[in-house]
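Let me begin by presenting the structure, written as structure tokens, before commenting on it.
The values are calculated or read from the model by the stated rules, or taken from the named source; none is laboratory data. Source: prediction; values computed, not measured. Counting neighbours? That spans all protein chains shown, and the Cβs are built from the backbone with ideal geometry, glycine included.
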Amino acid sequence: MPEAAFTPRVFSGIQPSGNLTLGNYLGALKRFADSQNEGIDSIFCMVDLHAMTVWQDPDALRQATRLLAAGFIASGIDPEKSILFNQSQVPEHTQMAWIFNCVARMGWMQRMTQWKDKAGKNQQNASLGLFAYPALMAADILVYHATHVPVGEDQKQHVELTRDIAIKFNNDFGQEFFPITEPVIEGAATRVMSLRDGTKKMSKSDPSDMSRINLTDDAETIAKKIRKAKTDPEPLPSEAKGLEDRAEARNLVNIYAALSEQSVDQVMTEMGGKAFSEFKPILADLAVDRLAPISGEMARLMGDVSEIDRILARGAERAREIASPILQKTYDIVGLVGAKG
């Protein structure tokens, strides 16, 4: 098969499932905003259909989808530079997913770590959607011929499955139609850990609100959470290697480095020798300076969701301009009548 050339294109989706955290901002949203000026097509999606693999309260799902969109916009995603939409407004995703349901193998799905973790011993009562959603995730990516997907380590397996589906489809039908998508793994410096336990990732599902900074937190709350973050009694080291066995100290330094756009080594040169009683107020001021404008803009957008809905509808139109011809060509390749019409 001749090798195909694909236009570089980034796709990423985030599930609307509650408050966005500092981890979401540093690990994803800030990086998305920074990358949209690199001249590569960027498509960002609220994957509301994925959220439905477990039962959702309808009003809560609508609220969470709009809040996530507000977080994207407030974090610097420009809906004119990037395409921003919610998944359910682009039916090509689910149409492509059925094709991929017929390409993917049962054994591939059964090996997915998230299926094992989420269904556990109760697999017979889990939804079919929870089992099959990796095929929809592959469709999310490949319906745009996306060449790169920014993901955390815990999502790398899904991109590998997407690659397997693309390779099998291309082989089955004898042409290089789908790209072999590359994962872009988030760096260690943007992996934000819990403020209460530096060995656990910051999570919106943690029972303790003090474990995380929410993007909806006001300035006073942000500062309070950093002041009360767990630390150890030793001062900050002057070199990064001194943080190796100090999970909480390493986490706060990583947060400072990411927010100040410095390396950890640069932060250590600047802050080495300081006690946490000195460092925490500095970090709190920086976090408030960076995050309070985001929470304020999110509040403004959520005060009149018609602006959010308009942006998502326009984004869906732009997304369909890319997805529709790729889906129609897929239908033609597999032999569905009417696909050329």
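Beta carbons closer than 6 Å, at least 6 apart along the sequence or on distinct chains, pair a first residue in the range 268-286 that is under 14 Å from Lys228 (Cβ atoms) with a second that is surrounded by 15 or more Cβ atoms within 10 Å (Cβ to Cβ) and among the hydroxyl-bearing types (Ser, Thr, Tyr) for Phe276/Thr231; Leu283/Tyr256.
Matching residues to (1) within 21 Å of Ser194 (Cα to Cα); (2) crowded, with 17+ Cβ neighbours inside 10 Å; (3) assigned by TED's automatic domain parsing to the domain that holds Phe178:
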site	(1), (2), (3)
Glu261	yes, no, no
Ala275	yes, no, no
Ile282	yes, no, no
Ile294	yes, yes, no
Arg314	no, no, yes
Arg320	no, yes, yes
Pro325	no, no, yes
Lys329	no, no, yes
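Of all residues in the range 54-97, those satisfying the criterion of being farther than 24 Å from Ser295 by Cα and of a type in the set (Asp, Glu) are Asp57, Glu92. When the helices (runs of 4 or more DSSP H) confined to the range 106-183 are screened for residues that are out of contact with any Asp or Glu (no Cβ under 6 Å at 6 or more places or on another chain), touching a residue at least 60 places away in the same chain (Cβ under 8 Å) and surrounded by 18 or more Cβ atoms within 10 Å (Cβ to Cβ), those reaching at least 2 such residues are found at 128-142, 156-173.
Flag not set for Ala223, criterion: among the aliphatic types (A, V, I, L, M) and part of a loop (DSSP other than H, G, I, E, B).
Pairs meeting the criteria (first residue in the range 191-213 and among the hydroxyl-bearing types (Ser, Thr, Tyr), second residue assigned to a helix (DSSP H, G or I), beta carbons under 8 Å, at least 6 apart or on different chains) are Ser194/Ser211; Ser194/Asn251; Thr199/Ala247; Ser203/Gly23; Ser203/Ser211.
Selection of the range 33-46 for residues being within 24 Å of Leu291 (Cβ to Cβ), buried (at least 21 other Cβ atoms within 10 Å of the Cβ) and not small (Gly, Ala, Ser) yields Phe44, Cys45, Met46.
Give Ala287, Ala313, Ala292, Ala299 a once-over and let me know the one that is under 14 Å from Phe85 (Cβ atoms) and among the small types (Gly, Ala, Ser). I'd like the intermediate steps shown before the answer.
Values: Ala287 fails: under 14 Å from Phe85 (Cβ atoms); Ala292 fails: under 14 Å from Phe85 (Cβ atoms); Ala299 fails: under 14 Å from Phe85 (Cβ atoms).
Going through Ala287, Ala313, Ala292, Ala299 in turn, just one is under 14 Å from Phe85 (Cβ atoms) and among the small types (Gly, Ala, Ser): Ala313.
Looking at the range 6-104, what helices (runs of 4 or more DSSP H) fall wholly within it and have at least 3 residues that are in contact (Cβ under 8 Å) with a residue 60 or more places away in the chain and more than 20 Å from Thr216 (Cβ to Cβ)? Of the helices (runs of 4 or more DSSP H) lying wholly inside the range 6-104, those with at least 3 residues that are in contact (Cβ under 8 Å) with a residue 60 or more places away in the chain and more than 20 Å from Thr216 (Cβ to Cβ) span 92-103. When Glu317 is tested against (1) closer than 16 Å to Met46 by Cα; (2) in contact (Cβ under 8 Å) with a residue 60 or more places away in the chain, only condition (2) is not met.
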